[in-house]
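First up is the structure itself, then whatever we jot down about it.
The values are calculated or read from the model by the stated rules, or taken from the named source; none is laboratory data. The structure presented is a predicted model; accordingly, all values stated were derived computationally and were not measured. Surface areas here come from the heavy atoms of the whole protein model, side chains and all, with no ligands, DNA or RNA. Shrake-Rupley method; radii C 1.70, N 1.55, O 1.52, S 1.80 Å.
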Amino acid sequence: MTIHDEIAADFSEILQEFGKPVQFLGRTLLALISEPMLSGELVLGGEVDDVRFTAKVLRSALTELPRSGQIVHWDQKDYRIKAVMNRSPHAIITLELGPANP
């Protein structure tokens, strides 16, 4: 068993205990959700509040790798993937999420 296999097994147990269900590409996955970070973003016409947070998912739970711009549904709201942290062969993929319609 490699270190990446051990991390995957440990992270799977963490998700079973603390994971939150998110929907991605029509499937429900468990994700470890970070505390939301609120910041101001300058847009045409003024400033709007921008909420960002991360969702960490197990690579083996995905049927395809997420891409920026795709939608993740969590807590009865849609969020857009802003960035994907994906380092093969690491077992965990981190999604940075923000509002679907800023």
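Output needed for the chain: three equivalent-ellipsoid semi-axes, defined as square roots of 5 times the C-alpha gyration tensor eigenvalues, in descending order, whole Å.
Values: eigenvalues 149, 35, 32 Å².
Equivalent ellipsoid of the chain: 27, 13, 13 Å, largest first.
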Quiz item: Radius of gyration and Dmax for the stretch 59-99's Cα atoms, expressed in Å?
Solution: 10.5, 32
Quiz item: What accessible surface, in Å², does a 1.4 Å probe find on ASP50, ignoring ligands, DNA and RNA and rounding to the nearest 10?
Solution: 10
Practice problem: Could you pull the accessible area for THR94 with a 1.4 Å probe, rounded to 10 Å²? | Solution: 20
Practice problem: Please calculate the 1.4 Å probe accessible area of LEU29, with all protein chains present, and give it to the nearest 10 Å². | Solution: 10
Quiz prompt | Carbon/sulfur fraction of accessible area - the chain, other protein chains in place, 1.4 Å, % | solution = 53
Self-check item: Acute angle (nearest 10 degrees) that the helix 3-18 long axis makes with the longest principal axis of the chain, alpha-carbon atoms
Solution: 60
